[in-house]
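> Structure provided below as structure tokens; questions to follow.
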Amino acid sequence: MTAATLVENIELPELSAKAQGEGAPMARRDLALLDHVSVKLEVVLGQATLTVKELFSLEQGDTLDLETELDAPVLLQLNGKSIGRGHLVAVGDHFGLRITEVAG
């Protein structure tokens, strides 16, 4: 016995000029819907280039020279993408970031 599949045509109304990409966006951004969502930001101080031999010879107490000057801004990242820059500051007993630039 074979199973029959019923398929019905669906008629869609023509899209207006606005819905086709001209004028207002089809979906409005309501950021209030996302207020409770947490995101994790990372602050990138710099980078270092090492050979594999140098990497495997690192020991506790070694100093790793970052290719960043002391007063250079650090990167603020979200999911690996830069979204801003700033300078490190002390906030009580913790590090903080004074934001100097935000990606637009």
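> Just to confirm my filter: which strands (runs of 3 or more DSSP E) fall fully inside region 29-104 and include at least 1 residues that are surrounded by 10 or more Cβ atoms within 10 Å (Cβ to Cβ) and of a type in the set (Phe, Trp, Tyr)? Walk me through how you get there before you give the answer.
On the way: elements: 41-44, 74-78, 81-91, 94-102.
Filter on region 29-104 gives 94-102.
> Could you figure out which of (1) modelled with pLDDT of 80 or more; (2) farther than 26 Å from Leu97 by Cα isn't true of Gln20?
Condition (1) is where Gln20 drops out.
The values are calculated or read from the model by the stated rules, or taken from the named source; none is laboratory data. It should be emphasised that the depicted structure is a prediction, and the values quoted were computed from it without experimental measurement. Neighbour counts run over all protein chains shown; Cβ positions are idealised from the backbone, glycine included.
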